[in-house]
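Notes to accompany the following structure.
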Amino acid sequence: MGIYSLENYEKYKTKTIRLKPESKAPSNFGTGQIHYVKLPWASLEPHRGEFNLELINREMENVKNPILVLIPDIPLWVDNHKSDSFTSFIRRVGSFIGGDRKLVGVVISTINNSQAEWDGYIESFDKTTIFADLDNKELISYLKDNNKDFGLLVKCNEKNWIECCEGFAKQNLQHVWKKNPVLVNITDDVCGPNISREIYRWHGGLSNKQLDLGYNVTIRRVTYPEAVSSKGALPIRLWLVNMGTARIYQPFIIKLLIKPQDLQLYSEKNSYELTLKGSTESWSVGDITHNEVLQLPNIESGVYTISIGLFLLDNTPIQLNNENTPLNGFYQIGTVCIDDKKRNELFNIWDTYYPEGYYPLEDPQVPEEE
């Protein structure tokens, strides 16, 4: 480093770790290619009140990112009130599925495009993303007027892509992706140049084709002190980047794992898993920064490794786009020395101290050495 480098003027000795991303985004639940699970009403309720709903689980079992489509194929036993009967069937299926995390979403398909059928999906799939067709203006207006969250299904090809763009603009749907995913159903055999371009403008997160869509989070930089105190403060500054087309739609948390560097000393007793208080629901695409001062438990003096991971609320790890190989969802960052020395000033370190300048700017260039 040159004589003017920041490292020569550090108020506190810190470690700055920069990780490199892989060339390809990792495969996570709810990103990339989906597979439709299309099941007719007549197969799931062949006789009035007799349901064959286990068929749904069997069809979803070996499919990645399943999207359920209930085909309103009217059973023979239905004579009158077809729409009402289908609504009851929708509610029965929603009750059966509940909050099954294997299901990415369900497409709203109806007989009469009626409010009762819409409400059947809204109320019975309250823990699952419901997708409204971009062309169904009545449905979208109803959902918006009633402040109901919904994902957007865009059926597009190289002939109608301009009409799809107009549909977004006329219905003011350009911000739907910020809360719920946009599913792009490409009806051409391959994704053409116009759709390839527009899919990024729409922030498409899912598609029926094999495309690199969805969130793609990488750890860009981590900064923390070289040494901290047992029962003291561990200040940490995170800079992550979502390089993908969409945000992470499932609720998730950030965890920090501290364990002895000497693997012979490793055990559940002397390893520590801490949950950060990051406002992950506000994370979008682009730069993501988070500063926090963690309160450490009573830890025996020694050198420890620090690892970071993102996890869904059911503890399913989110794969990050970093070269490090994760262990149980945690990506090892570096080491830290923990001892009994008092360092109360670390509780307020980030109030006045910026070891890497103000980010999300890029790291400052090192001046030429004299």
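The values are calculated or read from the model by the stated rules, or taken from the named source; none is laboratory data. Small disclaimer: the values here were computed from a predicted structure and weren't measured. Cβ placement follows ideal geometry from the backbone for every residue including glycine, while neighbour counts extend to all protein chains displayed. Accessible surface areas use protein heavy atoms only, side chains included; no ligands, DNA or RNA. Shrake-Rupley method; radii C 1.70, N 1.55, O 1.52, S 1.80 Å.
Observations, loosely collected:
So that you can scan it fast, the table gives a plain yes or no per residue for (1) of a type in the set (V, I, T); (2) over 29 Å from P251 (Cα atoms); (3) at pLDDT below 90:
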{"position": "D287", "(1), (2), (3)": "no, no, no"}
{"position": "Q295", "(1), (2), (3)": "no, no, no"}
{"position": "G302", "(1), (2), (3)": "no, yes, no"}
{"position": "L312", "(1), (2), (3)": "no, no, no"}
{"position": "Q319", "(1), (2), (3)": "no, no, no"}
{"position": "T325", "(1), (2), (3)": "yes, no, yes"}
{"position": "G334", "(1), (2), (3)": "no, no, no"}
{"position": "I349", "(1), (2), (3)": "yes, yes, yes"}
{"position": "P360", "(1), (2), (3)": "no, no, yes"}
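- Filter result for the condition that a residue is of a type outside the set (D, E) and under 30 Å from V106 (Cβ atoms), over T187, T218: T187
- Sole residue being touching a helix residue (DSSP H, G or I) at 6+ places or on another chain (Cβ under 8 Å) and open to solvent by 20 Å² or more (accessible area, probe 1.4 Å), chosen from L211, L234, L257: L211
- Residue selected from segment 86-107 under the condition among the small types (G, A, S) and buried (at least 20 other Cβ atoms within 10 Å of the Cβ), by the criterion nearest to P46 (Cα to Cα): G94
- Answer from S141, S229 - the residue that is of a type in the set (S, T, Y) and either within 30 Å of L320 (Cβ to Cβ) or buried (at least 20 other Cβ atoms within 10 Å of the Cβ) (or both): S229
- Among the candidates N322, N298, the residue that is touching a residue at least 60 places away in the same chain (Cβ under 8 Å), surrounded by fewer than 13 Cβ atoms within 10 Å (Cβ to Cβ) and polar (S, T, N, Q) is uniquely N298.
- Sole exception among (1) part of a strand (DSSP E or B); (2) farther than 26 Å from L213 by Cα; (3) among the aromatic types (F, W, Y) for Y12, by number: (1)
Matching residues to (1) touching a Cys at 6+ places or on another chain (Cβ under 7 Å); (2) of a type outside the set (G, A, S); (3) farther than 25 Å from Q250 by Cβ:
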{"position": "W41", "(1), (2), (3)": "no, yes, yes"}
{"position": "E45", "(1), (2), (3)": "no, yes, yes"}
{"position": "K64", "(1), (2), (3)": "no, yes, no"}
{"position": "I67", "(1), (2), (3)": "no, yes, no"}
{"position": "S88", "(1), (2), (3)": "no, no, yes"}
{"position": "R91", "(1), (2), (3)": "no, yes, no"}
{"position": "K102", "(1), (2), (3)": "no, yes, no"}
{"position": "G105", "(1), (2), (3)": "no, no, no"}
{"position": "S109", "(1), (2), (3)": "no, no, no"}
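- Unmet criterion (only one of (1) surrounded by 16 or more Cβ atoms within 10 Å (Cβ to Cβ); (2) at pLDDT 90 or above) for T31: (2)
- Residue pairs meeting the criteria (Cβ under 7 Å; at least 6 apart or on separate chains; first farther than 17 Å from I34 by Cβ, in segment 186-201; second in a loop (DSSP other than H, G, I, E, B)): G192/E158; N194/E158; Y200/T245
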